[in-house]
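Asks: Before anything else, here's the structure in question.
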Amino acid sequence: MDGTLVEAEEIALRNSALQVLHNWVTTVDHKKIGLMYIGSSLLFLVIAGIEALVMRIQLAIPNNTFVSPQAFNRLFTMHGTTMVFFVGMSILFGFGNYLIPLMIGARDMAFPRLNAFSFWCTFFGGVLLYFSYVGGNGLSGAGSAPDVGWWAYAPLTARPFSPGHSTDYWTLAVLLSGVSSIGSAVNIVTTVVSMRCPGMTLGRMPLLVWLYTVMSMMAFVTVSPLTAAQIMLMLDRYVGSHFFDTQAGGSAVLWMHFFWIFGHPEVYILIMPAFAFANEIIPVFSRKAIFGYPAMVAASVGIGFVSLSVWAHHMFTVGMSAGANTFFVLATLTVAIPTGIKIFNWLATLWGGKIHFTTPMLFAIGFLFQFLLAGLTGVMVGAAPFDWQLSGSYFVVAHFHYVLVGAILFMLFAAFYYWYPKMTGRMANEALGKWHFWLFLIGFHVTFDFMHIPGILGMPRRIYTYEAERGWMVWNLIVSSGALIQAVATLIFVWNLIWSYFKGPLAGPDPWDAWTLEWSTSSPPPEYNFAITPVVESRRPLWDLKHPEDSDSYYE
Amino acid sequence: MNEAALFTGDSNEAWELPSRGIVGMLCLIVAEATIFLIFVVAYVYYLGKSLAGSTPHDVLSIPIFTTICLLSSSITVHLAVSAVHHGRSMLASIWLVATVLLGTIFISGTAMEWYHLIYRDGLTIQTNLFGTTFYSLVGLHATHVIFGLLMLSFAFLFSLRGHLTTEQSNRMEVLALYWHFVDAVWVVVFLVVYVLGR
Ligand code: HEM
Ligand SMILES: [Cu+2]
């Protein structure tokens with residue numbers, strides 16, 4: 001009697017688990033797809049983070065044999081590829097998917113099924129990339145994981161230099177991610193152009209929505225060239241064409257151009273959403289409207305344009321003409337103007353505000369400071385003569401991680417803490433959040449501040465070990481220990497996400513007293529977002545409701 | 001918090017936004033245009049750099065007739081759209097079938113050209129840089145033509161069964177937009193490959 005009851009319960013449970021799984025796999029709801037993007041990128045973040053740790057362990061002491069040279073090549077390739085395509089891009093599209101329809105008062109994205117397709121495309125791309133570890137000679141021989149770097153320079157990728165399937169895995173995975181990104185970008189722009197609720201004019205859209213639009217437009221014109229280049233590379237490898245085959249007169253430099261036409265704007269595509277989060281978070285916790293909204297929009301569009309014309313600053317050491325070098329140096333340095341405007345506007349927003357030092361705000365302030373510093377080393381490597389000295393050294397690695405970790409990852413953490421209550425209905429734990437922030441801040445600076453030094457002392461990147469006499473050991477040891485601190489901080493973060501999901505205090509619709517539309521729904525928002533389509537009359541619709549005496553609509 | 005105020009604001013001004021289909025297609029066209037651009041750049045960059053084998057001047061002849069066919073199909077598809085718009089289903093079927101025929105003539109022309117290039121002139125994608133860039137650029141365009149022809153044929157079938165009513169005119173417009181784009185790309189390919197590159 002009892003037994004059958006338990007069994008029936010078990011079956012019911014199993015059925016409902018299947019049901020839940022089925023609901024997630026077949027969903028076309030923008031919020032669920034957004035969460036799936038975020039979940040999958042968190043998974044890849046942990047994997048790529050472990051790869052970074054293994055590399056730092058290998059480099060901590062001279063003449064280390066922790067991993068083989070071949071495995072090291074695979075590690076930095078997989079780490080870079082994963083971070084850029086399957087962490088960065090996925091997480092950004094994740095937040096975009098979740099937030100944009102809510103912020104513009106729409107019920108869903110413009111093309112929900114395309115949206116689901118895009119997610120599964122990129123997810124399978126990532127799975128395929130890691131499946132390479134079991135291909136070829138299996139896991140312990142590390143399979144046929146890609147080992148050509150995330151830039152995959154020709155002719156490293158040609159059949160004779162890269163036999164087997166490692167490069168095929170790489171190019172297929174990147175192609176899938178590219179198709180997915182183009183799909184998502186089309187979806188975002190279409191949603192913003194044709195799904196805004198009444199009253200949501202372009203001048204009243206939250207800045208986040210503006211920046212995602214600019215970012216998506218950049219994705220059309222940069223991810224597509226990458227896709228074209230991947231098709232060429234595949235043709236070379238599968239049907240014996242000669243695009244990048246130097247033996248038949250093909251050009252390796254052409255690949256570099258094609259790659260960096262994508263690769264440089266890509267870092268701006270990744271940082272646009274970081275700016276977008278800052279634009280939402282900094283004003284709310286300063287209790288002031290953002291300073292200079294039109295200037296912020298103009299600066300973002302400006303950055304978008306400038307970033308399209310600077311790609312060859314990655315190629316100063318290739319030996320371009322003096323004219324080309326000069327052009328690309330000048331173009332590169334121009335980007336300081338719109339970014340300067342942004343930083344000033346953020347500072348002006350903070351100025352005189354009632355600043356609340358919540359966890360998201362702490363991360364945002366860390367972002368401001370580190371983004372400024374990264375900009376300074378950026379100006380250094382953007383100047384050709386300086387770059388001739390430092391290109392290919394750890395200085396460059398330190399610079400770009402300052403942007404990728406110090407700015408982008410910091411703002412991503414901020415976004416997690418800020419929108420966690422909306423997404424789960426519960427507050428994230430503030431104490432754990434602060435531990436996470438301070439530990440990560442320390443770990444970040446220990447790692448990446450000191451990483452500049454071995455770079456200046458001449459330590460090349462992509463080497464798997466070095467001799468003791470070079471004098472790089474102390475620095476490397478410090479750098480590696482910083483990486484460990486970051487790993488611990490990340491564990492605290494993951495633990496916080498899990499713990500708060502079950503035990504966090506209930507959040508209510510608007511725990512931060514914010515003013516964009518997503519906070520007018522319950523937390524988490526219902527399936528259809530808004531029971532009645534909202535109508536807005538200013539940039540801060542919720543502020544108007546809460547403060548009728550000081551409504552923004554009076555000022556517009 | 002008084003949610004009602006947010007949701008019943010009296011905005012009486014008409015709130016019209018562009019249609020999703022058109023905007024989406026325009027975005028896709030921008031993305032596709034840059035893909036073609038990269039292939040065109042590769043073609044131009046490698047002009048005259050082949051180390052062996054045929055050159056464009058030796059083997060290419062200018063496909064004037066098929067080009068005229070393809071370009072006039074832009075007109076017929078336009079006429080089809082306006083027929084749908086005015087609810088004239090019969091007329092729409094006629095223009096659609098004309099478009100499909102013109103497109104088919106074009107693609108047959110390409111097929112014949114490739115046949116001759118491969119079997120008479122021995123030019124394949126592996127022969128040299130010219131073969132590589134020529135087949136990939138023209139092939140990319142041909143793929144787009146074939147995809148468009150498939151969609152147009154479906155539209156034609158729908159129209160025969162009377163499903164192509166005025167409600168569908170938006171969708172027809174999206175399809176026509178794609179087809180105009182394919183034609184426009186051909187103008188570029190034609191100029192670069194057959195006129196300037198030869
Ligand atoms: C937070 C801790 C991180 C550590 C300790 C770390 C460490 C490393 C190391 C040791 C390398 C190899 C450098 C070389 O040999 O050239 C590397 C490369 C790279 N990392 Fe990271 N990384 C971290 C996070 C990130 C993040 C968040 C991103 C991007 C969003 C990223 C993107 C890259 C890229 C693109 C490369 C270049 C790979 C290549 O040369 O092919 N990293 N990182
Ligand atoms: Cu760059």
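The values are calculated or read from the model by the stated rules, or taken from the named source; none is laboratory data. Given the structure is predicted, the values throughout are model-derived calculations rather than measurements. Every residue, glycine among them, receives a Cβ derived from its backbone with ideal geometry; neighbour counts consider all protein chains shown. Ligands, DNA and RNA are stripped out before the accessible areas are found, and what is left, the full protein with its side chains, is counted by its heavy atoms. Shrake-Rupley method; radii C 1.70, N 1.55, O 1.52, S 1.80 Å.
Asks: Quick check on B:Thr165: is it in contact (Cβ under 8 Å) with a residue 12 or more places away in the chain, β-branched (Val, Ile, Thr) and under 16 Å from B:Val81 (Cα atoms)?
Replies: Taking the combined requirement at face value, the residue satisfies it.
Asks: Still on this structure, I have one more. Could you count how many residues in the range A:522-537 are more than 8 Å from every other protein chain (Cβ to nearest Cβ) and surrounded by 20 or more Cβ atoms within 10 Å (Cβ to Cβ)?
Replies: Qualifying residue count for the region: 3.
Asks: Under 9 Å between Cβ atoms, at least 6 apart or on separate chains: pull out the pairs that start in the range A:263-274 with a residue that is open to solvent by less than 10 Å² (accessible area, probe 1.4 Å) and end on any residue that is within 8 Å of ligand 2 (Cβ to nearest atom) and not in a helix (DSSP H, G or I).
Replies: So the pair list comes out as A:Pro265/A:Val310.
Asks: List the residue pairs whose Cβ atoms are under 6 Å apart, where the first residue sits in the range A:124-137 and is under 11 Å from A:Ile47 (Cβ atoms), the second is surrounded by 15 or more Cβ atoms within 10 Å (Cβ to Cβ), and the two are 6 or more positions apart or on different chains.
Replies: A:Gly126/A:Phe44; A:Gly126/A:Phe86; A:Leu129/A:Ala173; A:Tyr133/A:Gly143; A:Tyr133/A:Ala145
Asks: Continuing with this model, one more query. Just give me the residues in the range B:7-43 being at pLDDT 85 or above, at the interface with another protein chain (Cβ under 7 Å from one of its Cβ atoms) and over 19 Å from the mean Cα position of the chain (by Cα), in sequence order.
Replies: Once the filter is applied, which keeps residues that are at pLDDT 85 or above, at the interface with another protein chain (Cβ under 7 Å from one of its Cβ atoms) and over 19 Å from the mean Cα position of the chain (by Cα), the range B:7-43 yields B:Leu17, B:Pro18, B:Ser19, B:Arg20, B:Ala42.
Asks: Report, by residue number, each residue of the range A:172-205 that is open to solvent by 10 Å² or more (accessible area, probe 1.4 Å) and assigned to a loop (DSSP other than H, G, I, E, B).
Replies: If the condition is that a residue be open to solvent by 10 Å² or more (accessible area, probe 1.4 Å) and assigned to a loop (DSSP other than H, G, I, E, B), then A:Met195, A:Arg196, A:Pro198, A:Thr201 are the ones that fit.
Asks: Could you check the range A:301-358 and list, in sequence order, the residues that are surrounded by fewer than 14 Cβ atoms within 10 Å (Cβ to Cβ) and within 16 Å of ligand 1 (Cβ to nearest atom)?
Replies: Within the range A:301-358, just A:Thr317 meets the criteria.
Asks: While we're here: What number goes with the only condition from (1) surrounded by 19 or more Cβ atoms within 10 Å (Cβ to Cβ); (2) farther than 30 Å from A:Gly508 by Cβ that A:Ala428 does not pass?
Replies: The failed condition is (2).
Asks: Which of the following residues is surrounded by 20 or more Cβ atoms within 10 Å (Cβ to Cβ) and over 25 Å from the mean Cα position of the chain (by Cα): A:Leu45, A:Leu59?
Replies: Going through A:Leu45, A:Leu59 in turn, the sole match is A:Leu59.
Asks: Could you please find all residues in the range A:206-219 being within 10 Å of another protein chain (Cβ to nearest Cβ) and surrounded by 24 or more Cβ atoms within 10 Å (Cβ to Cβ)?
Replies: Filtering the range A:206-219 for residues within 10 Å of another protein chain (Cβ to nearest Cβ) gives A:216-217, A:219.
The answer is A:Ser216, A:Ala219.
Asks: State whether one or more residues within the range A:440-463 are away from chain B (no Cβ under 12 Å), modelled with pLDDT under 95, part of a loop (DSSP other than H, G, I, E, B) and open to solvent by less than 10 Å² (accessible area, probe 1.4 Å).
Replies: Yes, that holds for at least one residue.
Asks: Sort out which residues of the range B:114-130 are away from chain A (no Cβ under 14 Å) and either surrounded by fewer than 17 Cβ atoms within 10 Å (Cβ to Cβ) or of a type in the set (Phe, Trp, Tyr) (or both), and write them in order of number.
Replies: Answer for the range B:114-130, where residues must be away from chain A (no Cβ under 14 Å) and either surrounded by fewer than 17 Cβ atoms within 10 Å (Cβ to Cβ) or of a type in the set (Phe, Trp, Tyr) (or both): B:Trp114, B:Tyr115, B:His116, B:Tyr119, B:Arg120, B:Asp121, B:Gly122.
Asks: Among the residues of the range A:392-415, count how many are more than 10 Å from ligand 1 (Cβ to nearest atom) and either surrounded by fewer than 19 Cβ atoms within 10 Å (Cβ to Cβ) or free of Cβ contacts under 8 Å to residues at least 12 places away in the same chain (or both).
Replies: Selection size over the range A:392-415: 0.
Asks: How many of the residues making up the range A:270-289 are within 14 Å of ligand 2 (Cβ to nearest atom) and either touching a Lys or Arg at 6+ places or on another chain (Cβ under 8 Å) or closer than 18 Å to A:Ile337 by Cα (or both)? Break it down stepwise before answering.
Replies: First, the residues of the range A:270-289 that are within 14 Å of ligand 2 (Cβ to nearest atom): A:270-271.
If we keep only those that are either touching a Lys or Arg at 6+ places or on another chain (Cβ under 8 Å) or closer than 18 Å to A:Ile337 by Cα (or both) as well, we get A:271.
Of the residues in that region, 1 qualify.
Asks: Further, regarding this structure: Which of the helices (runs of 4 or more DSSP H) found entirely inside the range A:275-367 contain at least 2 residues meeting this: over 25 Å from A:Tyr212 (Cα atoms)?
Replies: Of the helices (runs of 4 or more DSSP H) lying wholly inside the range A:275-367, those with at least 2 residues that are over 25 Å from A:Tyr212 (Cα atoms) span A:322-334.
Asks: For the range A:290-332, what are the residues that are aliphatic (A, V, I, L, M), within 11 Å of ligand 2 (Cβ to nearest atom) and more than 30 Å from A:Thr349 (Cβ to Cβ)?
Replies: A:Ala312, A:Met315
Asks: Moving on to the next point. Confirm whether B:Gly139 is under 19 Å from B:Met112 (Cβ atoms), out of contact with any Phe, Trp or Tyr (no Cβ under 8 Å at 6 or more places or on another chain), in a helix (DSSP H, G or I) and open to solvent by less than 10 Å² (accessible area, probe 1.4 Å).
Replies: Considered against the rule, which asks whether it is under 19 Å from B:Met112 (Cβ atoms), out of contact with any Phe, Trp or Tyr (no Cβ under 8 Å at 6 or more places or on another chain), in a helix (DSSP H, G or I) and open to solvent by less than 10 Å² (accessible area, probe 1.4 Å), B:Gly139 comes out as no.
Results for (1) in contact with a strand residue (DSSP E or B) (Cβ under 6 Å, 6 or more places away or on another chain); (2) among the hydroxyl-bearing types (Ser, Thr, Tyr); (3) under 28 Å from A:Asp147 (Cβ atoms), shown as yes or no for each residue.
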| residue | (1), (2), (3) |
| --- | --- |
| A:His445 | no, no, no |
| A:Phe450 | no, no, yes |
| A:Tyr466 | no, yes, yes |
| A:Ser480 | no, yes, yes |
| A:Gln486 | no, no, yes |
| A:Val494 | no, no, no |
| A:Trp499 | no, no, no |
| A:Phe502 | no, no, no |
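Asks: Next question, about the same structure. Filter the range A:421-431 down to residues that are over 26 Å from A:Thr521 (Cβ atoms) and touching a residue at least 24 places away in the same chain (Cβ under 8 Å), then give me how many there are.
Replies: The qualifying residues number 0.
Asks: Looking at A:Thr246, is it more than 10 Å from every other protein chain (Cβ to nearest Cβ), more than 16 Å from ligand 2 (Cβ to nearest atom), open to solvent by 30 Å² or more (accessible area, probe 1.4 Å) and farther than 15 Å from A:Val84 by Cβ?
Replies: It is true that A:Thr246 is more than 10 Å from every other protein chain (Cβ to nearest Cβ), more than 16 Å from ligand 2 (Cβ to nearest atom), open to solvent by 30 Å² or more (accessible area, probe 1.4 Å) and farther than 15 Å from A:Val84 by Cβ.
Asks: Scan the range A:359-382 residue by residue and report those that are under 22 Å from A:Phe316 (Cα atoms), open to solvent by 30 Å² or more (accessible area, probe 1.4 Å) and touching a Leu at 6+ places or on another chain (Cβ under 9 Å).
Replies: Once the filter is applied, which keeps residues that are under 22 Å from A:Phe316 (Cα atoms), open to solvent by 30 Å² or more (accessible area, probe 1.4 Å) and touching a Leu at 6+ places or on another chain (Cβ under 9 Å), the range A:359-382 yields A:Val379, A:Met380.
Asks: Determine if the range A:98-117 includes at least one residue that is closer than 23 Å to A:Gly263 by Cα, open to solvent by less than 30 Å² (accessible area, probe 1.4 Å), part of a helix (DSSP H, G or I) and not hydroxyl-bearing (Ser, Thr, Tyr).
Replies: If we filter the range A:98-117 for residues that are closer than 23 Å to A:Gly263 by Cα, which is where we start, we get none.
No.
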